[in-house]
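Participant: Attaching a single structure in structure tokens format; questions to follow.
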Amino acid sequence: MYSFRLHQISQGLAFLAVGACLLVLLPNPSVAQFGGPDDAPSTSEEREDANRIQAPPQPPLPEPEGGIRLDPKYPVWVDPKQKAVLVDGKVCLRQGFLEMFACIRNTKEHEAIVAANTKAFLVHAGLLRLGAQPGHPARFQPKYEPPEGTEIDLFVEWRDAKGQIQKARAQDWIKDVRTKKAMSYPFVFGGSSFWVDPESKKQHYQAEGGDFVCVSNFGTAMLDIPVKSSQSNEALEFEAYTERIPLVGTQVRLVFRPKLEAKAEDAAKAEGGGGKVEKRESKLEVKSK
């Protein structure tokens, strides 16, 4: 009897040993279903994916009805009905820190959400036609002065996956890293600045270098926020609001609408003939301030 019980105990221990081995070899059900530490993507991988996944090919957005094209080469219009300047572009970044909301195409796509297919001076000229007044970009010497100028409401339009037109404020795509909420500051029309080539005497509008719609202060910004905002990589205050931004490559339209007082609107109509803008074969001229 004693030997029989000893045999049973030995068998039981053997089964327990086999079971323990199986538990070690089989994956943990929770890890298999939801992923474990080794399977979780790192922050850098998540960022890379957010910026690498491309939108499928899309047709251009339809030309705005009643819009007056400012240049035959670029999709930029003045819309007298909306009292806005319209510019087409593409999403170029969904994840990362920002120095600007929008840059000029082929300039600073690594630190902007939208790459606009235009020349900056065309948008500047369109805003002038609508009655917006440029103030000045940020000044740093002898002391800091924030950007000034007409406040500009900026919206972005795009097609969703179902082909429906969506619209959002530019600020809703920008996250304040301190509050973790959408940026609350407005944009103002600083107007950038001009550089004159000493040899050719030709004027160059400095926002063409990419400083189109900024969230870090630049002395060459066309639009900027009217508060002190560092451009140092270690102190950037804004990042892309990834979950609100469509895929990289999505066709978008930027809508620049100056916030004008009634008198300024009337003056713009009187000067521009009821808000009409003449089409010119050559580039629009922007006079130096």
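Participant: Which one, 128, 101, 89, projects farthest toward the positive side of the charge dipole computed for the range 59-129 from Cβ point charges (K/R +1, D/E -1)?
Facilitator: 128
Participant: Which order do 178, 52 fall in if you start with the one that has the fewest other Cβ atoms within 10 Å? All intermediate terms of the calculation are to be shown ahead of the outcome.
Facilitator: Values: 178 8, 52 11.
Starting with the residue having the fewest Cβ neighbours, the order is 178, 52.
Participant: On to the next question. Using the alpha carbon gyration tensor of the range 188-242, what are the three equivalent-ellipsoid semi-axes (square root of 5 times each eigenvalue), largest first, in whole Å? Display every interim value, and only then the final one.
Facilitator: Numbers: eigenvalues 137, 25, 19 Å².
In descending order, the three semi-axes are 26, 11, 10 Å.
Participant: Which net charge results when you count Lys and Arg as +1 and Asp and Glu as -1 among the other residues whose beta-carbon is under 11 Å from that of residue 63?
Facilitator: -1
Participant: So, counting K/R as plus one and D/E as minus one, what does the shell of residues with Cβ under 11 Å around residue 138 add up to? Mind dumping the intermediate values first?
Facilitator: Numbers: positive: 139, 228; negative: 145, 148, 211, 224.
Cβ neighbours under 11 Å give a net charge of -2.
Participant: Taking the Cβ of each residue in 222, 100 as the centre, tally the other Cβ atoms inside 10 Å and list the residues starting with the fewest.
Facilitator: Numbers: 222 33, 100 27.
Placing the least packed residue first, the sequence is 100, 222.
Participant: Between residue 110 and residue 162, with labels modelled 7 Å along Cα→Cβ, what's the label distance in nm to one decimal, could you check?
Facilitator: 3.9 nm
Participant: I would also like to ask the following. Which of the three applies to the range 72-266, rounded, prolate or oblate, going by the alpha-carbon gyration tensor with a ≥ b ≥ c and a/c under 1.5 meaning rounded?
Facilitator: On the way: a/c = 1.38, a/b = 1.13, b/c = 1.23.
Rounded.
Participant: Within 10 Å, count the other beta carbons around each residue, average over each peptide in 130-139, 207-216, and list them highest first. Before the final figure, lay out the partial values.
Facilitator: Working: 130-139: 21.3, 207-216: 26.4.
Highest to lowest by the protection proxy: 207-216, 130-139.
Participant: Take each of the peptides 237-243, 251-257, average the number of other beta-carbon atoms within 10 Å over its residues, and list them starting from the highest. Walk me through the numbers on the way to the answer.
Facilitator: Values: 237-243: 19.0, 251-257: 23.1.
The peptides rank, most packed first, as 251-257, 237-243.
Participant: Using a cut-off of 9 Å between beta-carbons, work out the net charge of the residues near residue 259 (Lys and Arg +1, Asp and Glu -1, residue 259 not included). All intermediate terms of the calculation are to be shown ahead of the outcome.
Facilitator: On the way: positive: 257; negative: 151, 153, 261.
Overall, the nearby charge balance is -2.
Participant: Past 32 Å, Cα to Cα: identify those pairs from 81/201; 83/201; 162/228; 83/181; 143/259, in the order given. Show your work: numbers first, answer last.
Facilitator: On the way: 81/201 38 Å; 83/201 34 Å; 162/228 40 Å; 83/181 29 Å; 143/259 28 Å.
Beyond 32 Å between Cα atoms: 81/201; 83/201; 162/228.
Participant: As a footprinting exposure proxy, order 197, 79, 224 by other Cβ within 10 Å, with the fewest listed first.
Facilitator: Values: 197 9, 79 21, 224 31.
So the residues, fewest neighbours to most, are 197, 79, 224.
Participant: Would you work out the relative contact order for the range 54-104, in percent, from Cα pairs under 8 angstrom that are 6 or more residues apart?
Facilitator: Working: 33 pairs, mean separation 9.8, N = 51.
It comes to 19 percent, rounded to a whole number.
Participant: Please give the contour-minus-distance gain from residue 196 to residue 139: 0.36 nm per residue of separation, less the Cα-Cα distance, rounded to one decimal in nm.
Facilitator: Working: separation 57, 0.36 × 57 = 20.52 nm, distance 1.92 nm.
Here the segment from residue 196 to residue 139 would lengthen by 18.6 nm.
Participant: Please report the relative contact order for the range 153-219, taking Cα pairs under 8 Å with a sequence separation of at least 6, and give it as a percent rounded to a whole number. Spell out each step's value before the answer.
Facilitator: Details: 61 pairs, mean separation 12.2, N = 67.
Normalised by residue count, the contact order of the range 153-219 is 18 percent.
No value in this document is a laboratory result; all are computed from the given coordinates. Bear in mind the structure is a predicted one, so any value in this text is a computation, not a measurement. Here the Cβ is made from the backbone with ideal geometry for all residues, glycine too, and neighbour counts use every protein chain on show.
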